[in-house]
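J.: Sharing a structure here in structure tokens format.
Just so it is clear, none of the values below were taken in a lab; they were calculated from the coordinates. Note that the structure is predicted; figures quoted are calculated from it, not measured. Cβ atoms come from the backbone with ideal geometry, glycine included; neighbour counts cover every protein chain shown.
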Amino acid sequence: MGIQIARPARAAPALRLPRPLARHGFVYLFVLPSVLLLLGFTVWPLLRTFWLSVQDVNLVRPGSEFVGLANFRTQLADQTLFWPAVWHSLVWTVGSVGGEYLLGLGAAVLLNQPLRGRGLFRMLVLIPWTVPIVIAAMTWRWILQPEYGIGNVLLVRAGLLAEPVYWLGDLSTALGATIFVNVWRSFPFYTITLLAALQAVPKELLEAAAIDGASAWERFWRITLPHLKGVSLALIVLHVVWTFNNVEFIWLLTEGGPLHASETLATLVYRMAFRTFEISEAAALSVMMIVLLLLVGGGYAVLGRRREERRTT
Amino acid sequence: MTSTTWRRWSWPVLLAYACVAVLLAYALFPVLWMVSTALKPTPEIRTAEPTFVPSRPTFEHFGLVLGQSNFLTYVRNSLLVATTVTAATLVVSTLAGYAFSRFGRLPGISLAGVAMVLGQMVPGVLLVVPLYITMNNLGLLDSLWSLILTYTTFSVPLSTLMLKGFFDQVPTEVEEAAQLDGCPPSQVVWRIVLPLAVPGLMTTALYAFVQSWNEFLFGYTFISQDDRRTLTPGLADFIGLWTVDWGALMAAASLAVLPVTLAYLYLQRYLISGIATGATKG
């Protein structure tokens, strides 16, 4: 969650000790295990992805061959899987994060009101976030099931639907239904984080504005929301990255189906690697995703720095 | 809650409570429905007129899950993985977190700190393919060690940053005094700093445990032998196994979710403040 990459590390309280390296040898030993793990199981695999992406490797037949950028060209020319997946990734990410933020913010504002039982409500609203994705997926598959699923039963009974809908199995609703489930599971994290930020909004400012005749809506829009900007930006960037790269939700709800109707880039990478064994194509897709991630991260760093500058000048 | 000003019943207050009711219904209904389904006999589940409260509650589905499936094997495997990962993460992150907190300016150490921050941002889907190949080369596929190594690597960066935040709050004067009294530096950590950072260690342990307990993708990919499956991929297999037996599926889901949810609710305060510490002080 350390999203402040661009900012130089804050100076830690240093011990006033003599400085020869021999004295600090143990510090390097302390850091060694974590660095080895990171090198072995994060850095090396990433480098390997780059290497795989310019080769022709398939898990079911041995050997490999250097093919340059051919894998990238194949992907970019693919109108049946690649480009629809790009579009689905975009819809999935924007829909999920947008829905989560709005719902999370709404719930945070609501639970920041002086209501009796507020502490309990805050605890209960966190529950969806504690449910493992597998279980969230199982439960919602049951709720959205076309025959006896309670979701359909209630909607039909309320007169909102003429007949039950196969939400996760219909070409037109599959992606929307997965977004809905993702929003349900993820919004509490926004609520809890934004609640903490709401409590840091200076009360004097809100009171002064109220005395000056600002309406509740104006106070929210002009005072509260600007105070939430930093937290919101961090939350959104973090979740854009998480959501864009999430395989579990979609894989467990629809496996990217029906007929790839909910296939995103992330599930496509997984499918290519472990269902059709096209390792190199999967690696090429991964490299494109890494580039996109770096763009998002870089954009966030620039935005963060600008905010910082504006604050200091 | 401390400074709650209790207003009289008025329309805005009633409206707020109504909104809270809707919000909680939305958040909690699926979980309650899961438990309700698990407790119903099959004819009550497969009906066009379902009721919320089971009219004849039964534990038959729980019996099926516990007695006639590998559920308990999955739980055992998950416990094994999660406790090992937690222990390993605590050792590795304590050492690194302390080094970053006290000696973050030494050449190379600050670089490793930046690497930690970046490392935790790398998404799993980009690592699952190359790590599968690595584990294959190491001969660790179908071994719980593949998961232990992977999960430890994934939980170390944030744990390290969280612990660094906790160590930053332990005053250095205590350590200086101990060193002046002749305590060697390695002992200072063990005897002086660690006891002061126990809340931080608890938070980190919970984070590492829940992370590996809930992880799905790598467990699903690296392990194919049924008796080595961990809980989350095992549950996903049930979907295929008991396609229409929703009572059994929901019983398995209930059994798997309750311990984690209760632990979370009990410890949420520590966890969230810990994550916030790691996130803001990275």
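J.: Where does helix B:11-39 land angle-wise versus the long Cα axis of chain B, in degrees 0 to 90, nearest 10?
T.: 80
J.: Another question, then. Can you tell me the order of B:71-79, A:196-204, A:124-132 when each peptide is scored by its average per-residue count of other Cβ atoms within 10 angstrom, highest first? Before the final figure, lay out the partial values.
T.: On the way: B:71-79: 18.6, A:196-204: 12.4, A:124-132: 21.4.
Ranking the peptides B:71-79, A:196-204, A:124-132 by packing returns A:124-132, B:71-79, A:196-204.
J.: Another question about this same structure. I'd like to compare A:104-115, A:298-309: which one has the highest average count of other Cβ atoms within 10 Å, and what's the full order after that?
T.: Details: A:104-115: 19.9, A:298-309: 13.5.
Per-residue Cβ counts within 10 Å, averaged per peptide and sorted highest first, yield A:104-115, A:298-309.
J.: In Å³ and rounded to a whole number, note down the convex hull volume per residue for the Cα atoms of chain A.
T.: Here the figure is 237 Å³ per residue.
J.: If you don't mind, there's one more thing I want to ask. Compute the long axis of helix B:231-241 from its Cα atoms, compare it with the longest principal axis of the Cα atoms of chain B, and write down the angle in degrees, 0 to 90, nearest 10.
T.: 20
J.: Further question: Using +1 on the beta carbon of Lys and Arg, -1 on that of Asp and Glu, and nothing else charged, what's the dipole of segment B:1-148 about the Cα centre, debye to 20?
T.: The dipole of segment B:1-148 has a size of about 520 debye.
J.: Within chain A, which DSSP H helices have Cα atoms that stretch 20 Å or more along the helix axis and a mean Kyte-Doolittle hydropathy of at least 0.0?
T.: A:21-38, A:82-111, A:174-198, A:229-244, A:279-312
J.: Taking the Cα centre as origin and putting +1 on Lys and Arg beta-carbons and -1 on Asp and Glu beta-carbons, what dipole magnitude results for segment B:69-280, to the nearest 20 debye?
T.: So the magnitude is around 140 debye.
J.: Would you calculate a helix-derived [θ] at 222 nm for chain A, using -39,500 (n - 2.57) for each DSSP H run of n ≥ 4 and dividing by the full residue count, to the nearest 500?
T.: On the way: 15 runs with 200 residues, N = 313.
Calculated at 222 nm, the ellipticity per residue is -20500 deg cm²/dmol.
J.: Let me ask another. Under a 10 Å cutoff between Cα atoms, tell me which one of A:96, A:34, A:232 has the largest fluctuation in the Gaussian network model of chain A.
T.: A:34
J.: Which aspartates and glutamates have a Cα lying under 17 Å from the Cα of residue A:229, excluding residues fewer than 8 positions away in the same chain?
T.: Straight-line reach from residue A:229, under 17 Å: A:100, A:218, A:308, A:309.
J.: Given Cα pairs under 8 Å that are at least 6 residues apart, what percent is the relative contact order of chain B?
T.: Averaging sequence separation for qualifying contacts and normalising by length gives 30 percent for chain B.
J.: Taking residue B:40 as the anchor, which aspartates and glutamates have their alpha carbon closer than 16 Å to its alpha carbon, excluding any fewer than eight residues away along the same chain?
T.: Excluding near neighbours in sequence, the set is B:49, B:60, B:245.
J.: How large are Rg and Dmax for segment B:17-96 when calculated on the C-alpha trace, in angstrom?
T.: 19.7, 59
J.: To continue, here is another question. When you look at the Cβ of every residue in A:38-50, what mean number of other chain Cβ atoms sits within 10 Å?
T.: Details: counts 12, 3, 4, 13, 14, 4, 3, 12, 5, 1, 6, 5, 1.
Taking the mean over all residues of the peptide, I get 6.
J.: In peptide B:203-214, what is the residue-averaged number of other protein chain Cβ atoms found within 10 Å of each Cβ?
T.: Averaged over the peptide's residues, the number is 1.
J.: While we're here: Just to check, using Stokes-Einstein with a Kirkwood Rh over alpha carbon pairs, what's the diffusion coefficient of segment B:1-148 at 20 °C and 1.002 mPa s in µm²/s?
T.: Calculated translational D: 97 µm²/s.
J.: Just how far, in whole angstrom, is segment A:150-222 from segment B:161-204 if you go by their alpha carbon centroids?
T.: 43
J.: Picking from A:136, B:170, A:304, whose Cα lies most toward the positive end of the charge dipole for the protein assembly as shown (charges on Cβ: Lys, Arg +1; Asp, Glu -1)?
T.: B:170
J.: When the gyration tensor of segment B:85-207 is built from Cα positions, what are the square roots of 5 times its three eigenvalues, in whole Å, from largest to smallest?
T.: Working: eigenvalues 200, 46, 32 Å².
So the three semi-axes of segment B:85-207 are 32, 15, 13 Å.
J.: How well do other chains shield peptide B:21-33, expressed as the mean number of their Cβ atoms within 10 Å of each residue Cβ?
T.: Mean partner shielding for this stretch: 6.
J.: Let's test the formula: R0 of 56 Å, r as the Cβ-Cβ distance of residue B:14 and residue B:138. What FRET efficiency results, to the nearest 0.05?
T.: On the way: r = 62 Å, r/R0 = 1.12.
The formula returns an efficiency of 0.35 here.
J.: Taking the dipole about the Cα centre of segment B:69-280, with the C-beta of Lys and Arg at +1 and of Asp and Glu at -1, give me whichever of B:224, B:201, B:138 is farthest to the positive side.
T.: Looking along the dipole axis, the top candidate is B:201.
J.: Farthest toward the dipole's positive end in segment A:62-312, which of A:123, A:196, A:277, given Cβ charges of +1 (Lys, Arg) and -1 (Asp, Glu) about the Cα centre?
T.: A:196
J.: Another question about this same structure. Run through every distinct alpha carbon pair of the protein assembly as shown and return the Kirkwood hydrodynamic radius in angstroms, one decimal place.
T.: It works out to 26.0 Å.
J.: Another question, if that's okay. Please list, or write none, the aspartates and glutamates whose alpha carbon is within less than 20 Å of the alpha carbon of residue B:164, excluding same-chain residues fewer than 8 places away.
T.: Leaving aside aspartates and glutamates fewer than 8 places away in the same chain, those within reach of residue B:164 are B:173, B:175, B:176.
J.: A further question on this structure: Placing +1 at every Lys and Arg Cβ and -1 at every Asp and Glu Cβ, with all other atoms neutral, what dipole size does the protein assembly as shown have around its Cα centre, in debye to the nearest 20?
T.: Dipole size: approximately 1760 debye.
J.: Starting with the highest mean, order A:288-297, A:252-261 by the number of other Cβ atoms within 10 Å, averaged over the residues of each peptide. Numbers along the way, then the final one.
T.: Working: A:288-297: 14.9, A:252-261: 19.2.
Put in order of decreasing packing, that is A:252-261, A:288-297.
J.: Further, regarding this structure: If you average the sequence gap of Cα pairs under 8 Å that are 6 or more apart and divide by the length of segment A:62-312, what percent do you get for the contact order?
T.: Computed value for segment A:62-312: 28 percent relative contact order.
J.: Now for a separate question. Please report Rg (one decimal) and Dmax (integer) in Å for the Cα set of segment B:69-280.
T.: Computed over the Cα atoms of segment B:69-280, radius of gyration and Dmax are 19.6, 70 Å.
J.: So what's the convex hull volume per residue for the Cα atoms of segment B:12-58, in Å³?
T.: Hull volume over Cα atoms, normalised by residue count, gives 84 Å³.
J.: Return the long-range amide H neighbours of residue A:55 (sequence gap of 5 or more, or a different chain), with a cut-off of under 5 Å between placed amide H atoms.
T.: Under 5 Å from the amide H of residue A:55 lie the amide H atoms of A:67, each far enough along the sequence or on another chain.
J.: If I build a Gaussian network model for chain B, linking alpha-carbon pairs within less than 10 angstrom, which residue out of B:153, B:243, B:232 has the largest mean-square fluctuation?
T.: Among B:153, B:243, B:232, the largest mean-square fluctuation in the Gaussian network model of chain B belongs to B:243.
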